[in-house]
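Derivation of every value follows stated rules applied to the coordinates shown; laboratory data play no part. Bear in mind that the values here come from a model prediction, so they are computed numbers and not experimental data. Cβ sites come from the backbone with ideal geometry, for glycine too, and all protein chains shown count toward neighbours.
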Amino acid sequence: MSAGDAIPEPVRELAEVPDRFTRLTPGHVDRVETDRFVVVRGGWWASVEGIRSEPDEVEEVLREVREVTAGVTATWRIGPSAGPPDLERRLRALGLHTPANGVSELAALATVGAPTAPPGDVRRVETLDDYRIAVGVRWDAFGKSEEQREAEQASLAETFEALQESGAVVDFLAYADGRPAATAASVVTERGLLLVGGATAAWARGRGLYRTLVRARWDEAVRLGTPALVVQANPSTSAPILMRLGFVETCRLRQLEDSASV
């Protein structure tokens with residue numbers, strides 16, 4: 001039996017279509033699910049997964065999705081269970097395109113065993129002050145402009161309160177030399193945790209903090225009684241690191257963007 005065969009089918013499904021199972025933060029993240037697609041939308045983003053339609057229904061499905069994603073750029077992820085088989089070609093013909101970041105393919109990865117990563121000085125984000133620090137680390141790592149920071153800063157307290165009430169997302173801070181150095185988050189589902197939002201300060205890179213944060217989220221999954229981790233990772237950057245930690249690839253996903261609703 002291969003390592004991939006050891007991943008239970010519910011976890012494999014979670015890795016391919018996590019938006020169907022993630023816990024939501026009411027007022028901040030909404031989900032619209034039909035028998036042909038699932039859309040999860042936040043304030044400035046939307047993702048589209050689980051697309052299943054007949055060949056002659058693709059244009060109709062696109063119209064329905066655009067009604068839900070109006071005003072934002074939507075990211076479509078097409079896994080092996082999506083249909084029809086030439087869905088990507090049909091969507092490109094209807095105006096969807098390669099994402100602005102150039103990442104057109106993702107590897108869906110999963111593990112149901114403890115990652116081979118060392119524990120470290122990692123703390124759950126449980127106060128507004130810690131949340132502000134974690135967001136600041138992420139802003140610095142991703143090079144957010146002052147304008148973008150000011151726009152997000154205005155709602156940080158409200159967002160933190162909503163996250164705490166919903167229990168949908170668990171954030172972590174990793175420390176190096178006594179300083180906040182990296183952050184990562186996990187989205188809660190009944191099948192395991194979805195890994196998102198990893199960022200490391202430039203001065204702290206190369207010190208294993210990414211791996212330490214993976215281990216912290218595994219420990220959280222165990223604490224919640226859902227010992228599984230899934231992630232949709234860039235095949236050329238984070239995926240190789242995660243596979244060395246014990247993750248296995250369950251499928252590949254094609255990724256497109258739709259800017260028509262903006």
Paramagnetic reach from THR73 (point 7 Å along Cα→Cβ, amide N under 13 Å) across the range 85-115 = 97-104
Filter the GluC sites (Glu not before Pro) in the range 119-198 to those in DSSP coil with at most 14 other Cβ atoms within 10 Å of their Cβ, and list the result.
-> GLU126, GLU190
How do THR116, THR75 line up, fewest other C-beta atoms within 10 Å first?
-> THR116, THR75
With a ≥ b ≥ c from the Cα gyration tensor eigenvalues, square-rooted, and the rule rounded for a/c under 1.5, otherwise prolate when a/b > b/c and oblate otherwise, the range 12-79 is oblate
Does the range 122-227 come out rounded, prolate or oblate, given a ≥ b ≥ c as the square roots of the eigenvalues of its C-alpha gyration tensor, rounded meaning a/c under 1.5 and, failing that, prolate meaning a/b above b/c?
-> oblate
Give, rounded to the nearest 20 debye, the magnitude of the charge dipole that the chain has about its Cα centre when Lys and Arg contribute +1 at Cβ and Asp and Glu contribute -1 at Cβ.
-> 920 debye
Long-range amide H contacts for GLY113: which residues qualify at under 5 Å (H placed 1.01 Å from N, peptide plane, sequence gap of 5 or more or a different chain)?
-> none
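Would you mind ranking THR98, THR25 by Cβ crowding within 10 Å, fewest neighbours first?
THR98, THR25
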May I ask you to sort THR159, THR237 by Cβ crowding, counting other Cβ atoms within 10 Å and putting the fewest first?
-> THR237, THR159
Each label point is 7 Å from the Cα along the Cα-to-Cβ direction; what then is the distance between the points at ASN101 and LEU156, in nm?
-> 2.2 nm
Along Cα→Cβ, 7 Å out, is where each label goes; now give me the distance between the ones at GLU146 and VAL196 in nm to one decimal.
-> 3.0 nm
Per DSSP, loop chymotrypsin sites (Phe, Trp or Tyr not before Pro) in the range 1-108 with at most 16 further Cβ within 10 Å = TRP44, TRP45
Bin width 5 Å, alpha-carbon pairs only: give the P(r) of the chain as whole percents, running from 0 to the bin holding the largest distance.
-> 1, 6, 12, 17, 18, 18, 14, 9, 4, 1, 0, 0
With Cα atoms, 0 to 90° folded angle of helix 209-223 axis to the chain main axis = 80 degrees
How much length is gained if the chain between ARG92 and THR237 is pulled fully straight, taking 0.36 nm per residue apart and subtracting their Cα-Cα distance, in nm to one decimal?
-> 49.6 nm
